[in-house]
Amino acid sequence: MTTVPQPGRQAALPGQPGAPALIDLRHVSKRFGGVQALSDVAFDVAPGEVLCLAGENGCGKSTLIKIISGVYRPEPGAKMLFDGRPVDGLTPAMARAMGIQVIWQDLALFPEMTVAENIAFEGNLGGGPRLVHYGAMRERATQILSRLGVDIPLEQPVKRLSIARRQLVAIARALVADARLVFMDEPTASLSRAETDALLSIVRRLSAQGIAVVFVSHRLAEVLDVCSRVTVLRDGRLVGTYRTRGMTQTRLTELMTGRNFDACVHAPVARSGTPVLAVEGLSRQGEYRGIDLSIMPGEIVGLTGRLGAGRTELALTLFGMNRPDRGRILMDGRPLALRSNRDAIAAGIAYVSEDRLSLGLVQPQPIGDNIVVSVLDKVLDRLGLLSAPRRRALVDHWIGRLRVKIGHPQDPVSTLSGGNQQRIVLAKWLATGPRLLILDSPTVGVDVGARAGIFEIVRELAAEGMAILLISDEIPEVYFNADRILHMRDGAIIGQYVPNETRMDDIEEAVHA
C-alpha cells in the first residue's frame with residue numbers, strides 16, 4: 001500500500017525540541033541476501049541544514065540514500081516522516097515529486113547535450129510526445145543558474161565543461177525539479193581547492209534558500225567546515241549524530257572506523273648513492289618546464305600543487321606516455337629513452353593513475369584477471385598457454401600481500417569497495433616488479449580507514465627499497481607520508497619542503513596562495 005503524505009505534526013530534531021525536521025527516519029534496516037546492509041538506523045535533516053553522512057566505504061551510506069530516494073524498500077518496521085507526514089511505499093517518482101534529489105559522484109549528465117538541455121532534462125520527461133520549447137528551456141536554465149550565482153554558456157556541450165562546472169549543471173538540474181533535499185555524493189573528489197571553495201559557497205547559498213543538503217565526503221576538513229551536524233554509520237549501524245562545532249578530524253575518523261590513527265611526520269633517512277630516478281631539465285611545451293628531481297632507493301617524494309600545475313602530465317612522461325621536448329630521464333644513473341609505457345614497464349616503472357575506474361581497472365572483469373593483466377608473460381606455461389596454477393599463485397600472493405578483502409578472485413572487481421579496488425590496482429603494478437612506483441592521487445574516492453591502510457603498504461614498499469613518487473593535492477597526504485615534498489605550480493617546481501622541518505600550515509599557505 002502506498003501512502004501519500006498528508007498534513008500533520010512536524011517531527012522534532014534531536015537537541016532542538018519542537019524544531020521541524022524535513023525528513024525523519026527511524027528503525028531503517030535493509031538486507032541483501034545474507035548481507036545486513038543497514039540495521040535499525042535513524043536519520044533526520046532539517047530544512048536548510050547542511051548535514052554530513054559519514055562512514056567508510058561499505059558502511060551503508062549509499063543504501064540509506066537509495067532508500068530515501070525510493071530506489072530500495074526498507075525492511076518492515078521502518079518509519080519515515082516527510083514534513084511531519086508519514087510516507088509509505090516510496091518510489092523514485094514519489095521521491096522526486098517530494099523534492100528529494102540525489103547528485104551521484106558520476107553526475108549522470110549527458111555529455112553530448114548542451115548545458116540548457118541537461119538542466120531541463122527531467123522537466124521534459126513524461127506526459128507523452130510533445131514539442132520542445134527551447135526558448136522556455138533556456139529561460140528556465142538562466143533563472144536557475146542566476147539563482148546559484150554562476151554563469152555558464154547554455155549552448156555549450158557538457159563534455160567540454162570542467163568537472164567543477166558539471167557539478168553546477170547537476171545542481172541546477174536538481175533545482176529545476178524544485179529540490180527541497182539534495183544529496184551530494186563526493187562532490188569535491190575531483191576538484192581543486194579553489195573549485196571546492198566555490199562549490200561550498202553554492203552549498204551555503206542553497207542552505208540559505210531553505211534547501212537541505214546532505215553532504216557525503218571523505219574530505220573531513222570540508223565536512224567540518226560546511227556542515228552543522230554529522231551522522232556517522234559504521235558497518236551498517238548508526239554510531240550517532242554529532243554537532244560539528246568542536247569536532248576534530250581525528251575524532252571523526254575514530255567514530256567512522258572505531259580505530260585510532262596516529263598521524264605523525266616521518267623523519268627522513270639520510271641516503272647516499274645513485275638515485276633510482278633522476279630528471280634533468282625536463283620540459284614539454286604547454287605542460288611543464290625545467291623539471292629537476294631525484295628519488296633515492298626507499299625514498300618517498302611527494303609532489304603537490306593545485307590541479308593544472310602539470311603534475312599528471314609529468315607523471316605520464318615518466319611512464320612513457322608523452323615524450324618530452326627537452327631534458328633527460330635517468331634510471332640508476334643511465335639515460336632512459338621512453339617511447340611507450342611498455343618501455344617504462346621494462347625499465348621498472350609502474351604508474352597508478354588517479355582514475356582507477358576507467359584507466360586502472362576493467363570493472364566487469366574478475367579480480368584475478370585485473371591483477372595478472374600486466375604480467376601475462378609470468379603466468380604462461382612452456383607452450384605459451386595460460387597456466388591456472390601460476391595465475392592462482394600470483395593472485396593469491398598479492399591479495400595476501402596487500403591484505404585485500406574479497407569474496408572470490410573470480411568476482412567482478414566492481415564488487416569491491418573503493419579502498420580494496422585501489423589495492424587491486426597496486427597489486428597489478430607491483431606484480432611487474434617495479435623499482436619506481438608513481439602514485440597519482442592514490443586515495444581519490446577512498447575512505448579514511450582505507451587510506452591509512454594504503455599508506456601503510458606504501459611505507460612498507462619504501463622500507464623494502466622501492467622509490468616512490470607520491471602525487472596528491474591533499475597536503476596532509478604528502479606531509480605525513482613523504483620524506484620530501486616538491487611544490488609544483490604552472491608547470492614548474494617552485495619549492496621543496498622537508499615535513500619535520502616545516503609546518504603543514506606553511507605548505508598549505510604556499511600551495512593555495
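The values are calculated or read from the model by the stated rules, or taken from the named source; none is laboratory data. In this text, all values refer to a predicted model and were calculated from it rather than measured experimentally. Reconstructed Cβ throughout: ideal geometry from the backbone, glycine too, with neighbour counts over all protein chains shown.
Miscellaneous remarks
- Residue satisfying all of: in region 223-263; of a type in the set (Asp, Glu) and without any contact (Cβ under 8 Å) to a residue 12 or more places away in the chain; surrounded by the fewest Cβ atoms within 10 Å (Cβ to Cβ) among these: ASP262
- The one condition from (1) buried (at least 17 other Cβ atoms within 10 Å of the Cβ); (2) out of contact with any strand residue (DSSP E or B) (no Cβ under 9 Å at 6 or more places or on another chain) that MET184 does not meet is (2).
- Every listed requirement among (1) within 30 Å of CYS52 (Cα to Cα); (2) surrounded by fewer than 20 Cβ atoms within 10 Å (Cβ to Cβ) is met by GLY305 save one, (2).
- Members of region 471-486 found to be part of a loop (DSSP other than H, G, I, E, B) and surrounded by fewer than 20 Cβ atoms within 10 Å (Cβ to Cβ), listed by number: GLU474
- Contacts under 8 angstrom Cβ, first residue in region 359-382 being without any contact (Cβ under 8 Å) to a residue 24 or more places away in the chain, partner surrounded by 21 or more Cβ atoms within 10 Å (Cβ to Cβ) and of a type in the set (A, V, I, L, M, F, W, C), 6 or more apart: VAL379/VAL372
- Residue that is surrounded by the fewest Cβ atoms within 10 Å (Cβ to Cβ), among those in region 200-216 that are under 16 Å from LEU53 (Cβ atoms) and under 18 Å from the mean Cα position of the chain (by Cα): VAL216
- Within region 30-146, helices (runs of 4 or more DSSP H) holding 1 or more residues that are within 25 Å of the chain's Cα centre (by Cα) and closer than 25 Å to GLU222 by Cα: 61-68
- In the set ILE457, ILE438, ILE468, only one residue is part of a helix (DSSP H, G or I) and hydrophobic (A, V, I, L, M, F, W, C); that residue is ILE457.
- Only residues that are without any contact (Cβ under 8 Å) to a residue 12 or more places away in the chain and over 20 Å from ARG165 (Cβ atoms) were counted in region 94-110, giving 1.
- Here VAL265, VAL279 are screened, and the one residue that is over 30 Å from ARG219 (Cα atoms) and in contact with a helix residue (DSSP H, G or I) (Cβ under 9 Å, 6 or more places away or on another chain) is VAL279.
- Filter result for ALA267 (of a type outside the set (Val, Ile, Thr), buried (at least 18 other Cβ atoms within 10 Å of the Cβ) and touching a residue at least 24 places away in the same chain (Cβ under 8 Å)): no
- Scan of region 294-326 for residues that are at pLDDT 95 or above and either part of a strand (DSSP E or B) or of a type in the set (Ser, Thr, Tyr) (or both), ordered by number: SER294, ILE295, ILE300, VAL301, GLY302, LEU303, THR317, ARG326
- ILE406 meets all of the listed conditions (1) surrounded by 23 or more Cβ atoms within 10 Å (Cβ to Cβ); (2) assigned to a loop (DSSP other than H, G, I, E, B) but one, namely (1).
- Residues of region 42-86 that are in contact with a Pro (Cβ under 8 Å, 6 or more places away or on another chain) and surrounded by fewer than 23 Cβ atoms within 10 Å (Cβ to Cβ): ASP44, ALA46, PRO47, SER69, GLY70, VAL71, LYS79, MET80, ASP83, GLY84, ARG85, PRO86.
- Checked against the criteria, ILE494 counts as surrounded by fewer than 21 Cβ atoms within 10 Å (Cβ to Cβ), over 20 Å from ARG423 (Cβ atoms), β-branched (Val, Ile, Thr) and out of contact with any Phe, Trp or Tyr (no Cβ under 8 Å at 6 or more places or on another chain).
- Within region 445-471, residues that are modelled with pLDDT of 85 or more sit with their Cβ atoms under 7 Å from residues that are surrounded by fewer than 21 Cβ atoms within 10 Å (Cβ to Cβ) and of a type in the set (D, E, K, R), at 6+ positions apart or across chains, in these pairs: MET466/ARG435; ALA467/ARG435.
- In summary, strands (runs of 3 or more DSSP E) completely within region 169-260 and bearing 3 or more residues that are closer than 22 Å to PHE82 by Cβ occur at 181-185, 212-216, 229-234.
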